[in-house]
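Beneath this line is the structure, given in structure tokens, with notes to follow.
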Amino acid sequence: MKNPVQQFVYIVALLALGGCASVAPPPDGCVGLVGTPPAGLVESSDDALLASALGAPTKGALCKGKVFIAERDVPVFRVWDAAKSYTLYGRWWSFAQPQGPRDQYQIDNDICPEWSALNKMSSCTIKSGSKIVVGPGQSAQCAASLLPPSPINQVYIPNDSKNNVLFVENCSTGSDWPAPGK
């Protein structure tokens with residue numbers, strides 16, 4: 001390669017490839033950051049609660065998170081399965097009203113299709129004084145595919161509806177989701 005332009009292009013290409021090779025995923029496999037929660041939530045600590053919200057790679061849940069305590073009612077949204085009415089008060093929520101399409105929502109929030117039909121959406125408020133965890137999603141191994149870690153923040157609320165322990169209140173009964181035509 002005697003042509004200086006070809007040599008230059010060759011060197012730039014090698015440097016670019018070398019730069020790509022040196023970009024490694026974070027050691028914990030997480031992507032994204034724990035976002036700033038809405039007003040009314042302040043950072044707190046609760047190692048046991050944080051541990052219950054974190055999941056190992058391929059198991060879903062959060063890959064990292066921070067604990068917050070509600071100083072006042074804070075609105076949250078949940079998409080759930082109408083065939084399983086007890087899932088209305090599940091543990092996984094969002095600060096933003098969920099948008100369709102369903103397939104993209106499942107990918108963004110690391111929800112395997114076999115886990116939930118995701119056909120109802122409700123809103124509630126987090127009770128003042130309740131502790132929650134916020135963070136990006138962990139990867140999830142589904143029956144047909146692996147969902148990679150997601151940078152989308154999810155809200156873990158330790159509801160236990162089977163034992164009537166709820167950290168949400170003022171809940172809507174649920175509307176069809178996604179809305180027809182979306």
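In the stretch 157-181, the residues that are at positive phi form Cβ pairs under 7 Å with partners that are of a type in the set (Val, Ile, Thr), at six or more places apart or across chains, as follows: ASN170/THR125.
Of the numbered criteria (1) outside any loop (DSSP other than H, G, I, E, B); (2) more than 13 Å from the chain's Cα centre (by Cα); (3) surrounded by fewer than 19 Cβ atoms within 10 Å (Cβ to Cβ), the one ILE107 fails is (2). A count restricted to the stretch 28-48 and to residues that are in a loop (DSSP other than H, G, I, E, B), among the aliphatic types (A, V, I, L, M) and open to solvent by 50 Å² or more (accessible area, probe 1.4 Å) stands at 3. Scanning the stretch 124-164 for residues that are over 26 Å from ALA39 (Cβ atoms) and out of contact with any Leu (no Cβ under 9 Å at 6 or more places or on another chain) turns up CYS142, ALA143, ALA144, SER145, LEU146, LEU147, PRO148, PRO149, LYS162, ASN163, ASN164.
For the stretch 50-67, indicate whether the set of residues that are modelled with pLDDT of 95 or more, farther than 27 Å from ALA144 by Cα and loosely packed, with under 14 Cβ neighbours inside 10 Å is non-empty. Looking for residues that are modelled with pLDDT of 95 or more, farther than 27 Å from ALA144 by Cα and loosely packed, with under 14 Cβ neighbours inside 10 Å, one finds at least one in the stretch 50-67, hence yes. Among the residues making up the stretch 111-143, those that are over 12 Å from the mean Cα position of the chain (by Cα) and over 25 Å from ALA83 (Cα atoms) are LYS127, SER128, GLY129, SER130, LYS131, ILE132. LEU146 falls short of the stated requirement of being open to solvent by less than 70 Å² (accessible area, probe 1.4 Å) and either of a type outside the set (Val, Ile, Thr) or farther than 15 Å from THR87 by Cβ (or both). For the stretch 90-137, the set of residues classified as on the phi > 0 side of the Ramachandran plot and aliphatic (A, V, I, L, M) consists of LEU118 only. If you go through the stretch 162-181 and keep only what is closer than 13 Å to CYS124 by Cα and surrounded by 16 or more Cβ atoms within 10 Å (Cβ to Cβ), you end up with LEU166, PHE167, VAL168, GLY174.
Candidates VAL134, VAL74: the one that is surrounded by 22 or more Cβ atoms within 10 Å (Cβ to Cβ) and over 21 Å from GLY29 (Cβ atoms) is VAL74. Taking the listed residues ALA82, ALA96, the one that is surrounded by fewer than 20 Cβ atoms within 10 Å (Cβ to Cβ), touching a Gly at 6+ places or on another chain (Cβ under 9 Å) and either among the aliphatic types (A, V, I, L, M) or part of a strand (DSSP E or B) (or both) is ALA82, with no other qualifying.
The values are calculated or read from the model by the stated rules, or taken from the named source; none is laboratory data. Just so we're clear, the structure is a prediction, and the values are computed from it rather than from any experiment. Neighbour counts are summed over all protein chains in view; Cβ atoms, including those assigned to glycine, are modelled from backbone coordinates with ideal geometry. With ligands, DNA and RNA removed, areas are computed over all heavy atoms of the protein, side chains included. Shrake-Rupley method; radii C 1.70, N 1.55, O 1.52, S 1.80 Å.
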